[in-house]
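Written out below as structure tokens is the structure these notes cover.
Bear in mind that the values in this text are calculations on the coordinates, not laboratory data. Predicted model only: the values in this text are computed from it and were never measured. Using ideal geometry, Cβ is built from the backbone for each residue, glycine included, and neighbour counts are taken over all protein chains shown.
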């Protein structure tokens, strides 16, 4: 298996046998602190020292391999912050992100990550719909940021939805991620207050013995059909082109964030056969019910001997298939969450769904509308929070994230 | 460095450069699934396959190296469960623990950990004070289980304290740990209801580039003076001897569990000098203020040129020193927690403090009383929940945990 294959697979959310993927992806972008080595893949000791570059065409944390720990949070600007305050905050955050991601963790001021490397830390910044009114930049708000339509299964908590500014933190060590969270919040003091904050996680690097796409808390192999940078249309689907509109979004992407609670008691109460029917795939290895392995294309036309479709009309794999959605494509890069027990005794757990696309109306909204009309999996899910954010392109050296907007 | 040294250090809560420690410890107990290899220490790919044995003199999860993820939970028996119901539950839990820890993760029924190894999964079971009345076993309740005294800094939430039964789950992968949590809860259905549940974490294996004791969320190097199995008195301090009282506790230990919230805004608002004075150690590397490195013994007698003590009278390292507490010794094996933001905007974060000892009155209570009378660190802490549990010895093959109690 070539490095390219590895990095493609890790991008898909694959927890590989060795973590080589993540490290290889880092190395590809010139980011790896230590050389990966040895027969069984890289040593554990390289985990902390892996770095991801802050500066570049795109922000980090989009095509970066999923880290094992994340914090998602949104801020609302202080009333008197205005455009100038927002610009100063973005400058502080960008300086901080560049320092932390390079492993200069003293900058957290927390000391909690002094002896770890950055552990593939990434910080990613985005703008919500309300940011533009708060800063007098309404005329520059992208058309693509108009609020998402309501879906019939939504039970959204507004207090945990939306926000002027969005920050995504990811790292392969929980103390590094927590230190970055503290530092991001401290840098916002006086300029913005936290609107909501969520903690996510993903499989530990090295915990799976074979390369495969990661699982969510339902045990579903989740992300098999994700686009990959090898795809000829990857850039077009995920990122706003360099000559795209608005100009300040060149190289940027739109992130849809949904907190999706899983009704795990119901799900685990279903038989393996029922779950396979709901998914259209075997839960054990993610292979479609029409045969093969996880990577085998699903045969949506296949029928049983009695003429009924092998993949049910409302099976998740059918409803979400690109061919069912006019080719709609988005890069899913989600984390699991688990916030303990709810008052009714069920677990407060599920998916911090994050997807990336150049055009949310064409991608997320198209697929979610289809799901809304008849997806067997939706009966086991509750969408509890929602956000849509314009994530500008990466900062060049000497520039800060969003500078092209707030100084335009 | 020998394997023995490594395992000693990891036991202390050390996040080593390579994770070798954890794996070596596993190997020492005959538990390692794959051979660790390569120059830079074991490969990431060995993380998932590491196993810890369930059967033995002591339960797992006490001297097992700290895993990166944990769940602590307590149950109260159903009113009609009685001794017989408790025995059946302990039998189910023991069967489950043996299967899961050996990597037969299908037993979770959740499917979420199918492709990972057990990732050093451990399950540990204990009895609270109320268990004995609920099962008619009051006469067999150990003297050592009498309720802990009140401390002046306590602000305990009874709903998150105590409980008939206590379960500690640890694993180096969050999906493995979560799957075990689901399975433990399901096995309790009808027999016991969850009283409280907390999620903990520790540094990722491999995230630190040098061998040192782990840090807590204050950035404090935490656990330097932990006893080690190399210490001649280790067994005596931590475990009830084979001829100890009561007989069913032979090989067992008492766990004190405290949820200790950290006032991180206050702590991070202090200068580095103030923090060093509070701890009696440099926060950066854990070295005592009297010089040397983390492992250098602290010189409690040292004075400044003006005659004042280098280590302040209320410095944490002085108040907790064994020589200040009649030699009181306990094995601390704590996890960090972070449950998001509180209503006042501060982080709900701190330490799930767990300590192990043969005699809680002589160990935890002695030290906590001393802390209560004058410890500079206590101003930054709030004890929010408390539990004391009798953790019986390990089950032999064919036996279940606690059998010697409930069938006596």
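Values for this structure:
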| item | result |
| --- | --- |
| Of A:47, A:300, A:123, the one that fluctuates the most in a GNM where chain A has Cα springs shorter than 10 Å | A:300 |
| Exercise: per-residue mean of other protein chain Cβ atoms within 10 Å, B:190-199 | 2 |
| Debye intensity ratio in log₁₀ form over the Cα atoms of the stretch A:260-299, taken at each q of 0.24, 0.27, 0.32 Å⁻¹ | -0.76, -0.86, -1.01 |
| Max mean-square fluctuation residue, GNM over chain B, Cα-Cα springs under 10 Å, options B:358, B:276, B:155 | B:155 |
| Protection proxy ranking, peptides A:286-298, B:127-139, average beta carbon neighbours within 10 Å, highest first | B:127-139, A:286-298 |
| Gap separating the Cα centres of the stretch B:211-265 and the stretch B:110-154, nearest whole Å | 15 Å |
| Calculated label separations, residue A:159, copies of the chain, 7 Å along the beta-carbon direction, nm | 1.6 |
| Label point distance in nm, residue B:228-residue A:346, each placed 7 Å from Cα along Cα→Cβ | 4.9 nm |
| Using alpha-carbon coordinates, inclination of helix B:82-101 to the longest axis of chain B, degrees | 70 degrees |
| Peptide-level mean, for A:174-181, of C-beta atoms on other protein chains within 10 Å | 5 |
| Helical mean residue ellipticity (222 nm; -39500 (n - 2.57) per DSSP H run of 4+; nearest 500) of chain B | -6500 deg cm²/dmol |
| Dimensionless Rg/Rh of the stretch B:279-408 - Kirkwood Rh, Rg from C-alpha atoms | 1.07 |
| For the stretch B:348-408 and the stretch A:51-104, distance of Cα centres in Å | 41 Å |
| Shielding score for B:261-267, defined as the mean number of other chain Cβ atoms within 10 Å | 1 |
| Angle between chain B longest axis and helix B:174-188 axis [Cα atoms, degrees, rounded to 10] | 50 degrees |
| For chain A, built as a Gaussian network whose Cα springs stay under 10 Å, the top-fluctuating residue of A:272, A:301, A:99 | A:301 |
